[in-house]
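Nothing in this text is a laboratory measurement; each read-out follows from the coordinates by a stated rule. Being a predicted model, the structure only gives us computed values, none of them experimental. Cβ placement follows ideal geometry from the backbone for every residue including glycine, while neighbour counts extend to all protein chains displayed.
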Amino acid sequence: MGIKAIIDKKIMALDVGTKTIGVALSDRSHLIATPYKLIARGKWAADLEQLRIIVTTEQIGTIILGLPKNMDGSEGPKCQSVRQFARNLSIAPGFTEIPIHFWDERLSTAAVERDMIGRDISRAKRAETVDMAAAAYILQGVLDHLRFKAGDDKDSYPF
């Protein structure tokens with residue numbers, strides 16, 4: 001697959017929680033991250049099938065998983081859970097050829113919540129959308145980083 005898969009396909013970011021998975025997608029030019037879907041966690045097979053449908057229909061070339069590090073940069077049980085999710089995903093049929101990368105997501109949910117509160121979004125509406133918005137926040141950070149690192153030369157993407 002290599003770099004061409006990244007250039008020709010969308011990037012998907014996941015904010016993996018115990019109850020939900022927030023999903024965000026990039027556009028094909030890798031400029032803008034958009035909240036896409038909230039997946040209610042169930043059995044692994046059901047979660048995997050929903051992700052497989054997204055990967056296929058949206059032509060995903062790379063997956064980014066938010067890594068919930070502690071404020072001091074250490075990794076606790078939540079990081080271990082996300083890393084296990086990534087291992088399981090990487091060996092699942094339909095995902096073995098898709099690169100999976102981690103992105104430090106410290107404070108992403110807090111930043112999104114503050115923004116939503118500032119826009120006077122109700123607590124109920126925030127609860128419904130915060131994980132999708134956090135995934136988009138994570139993905140936008142990745143896209144901005146890629147643009148900064150690569151300039152206009154997407155062949156120099158770091159992953």
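Miscellaneous remarks
- More than 12 Å apart - percent of Cα-Cα pairs taken over region 67-110: 63 percent
- Taking amide H as placed 1.01 Å from N in the peptide plane, the amide H of Glu105 sits under 5 Å from that of Leu67, Lys69, each at least 5 places away or on another chain.
- Checking the Cα-Cα distances for Lys10/Lys78; Lys10/Lys37; Lys19/Lys43 against a 18 Å cut-off, the pairs over it are Lys10/Lys78.
- Here the Karplus relation 6.51 cos²θ - 1.76 cosθ + 1.60, evaluated at θ = phi - 60°, turns the backbone of region 12-28 into coupling constants of 10, 10, 10, 9, 8, x, 6, 10, 9, 10, x, 10, 9, 10, 8, 7, 5 Hz, with x for every Gly and Pro.
- Highest mean first, the peptides 15-23, 140-148, 77-85 sorted by other C-beta atoms within 10 Å per residue fall in the order 15-23, 140-148, 77-85.
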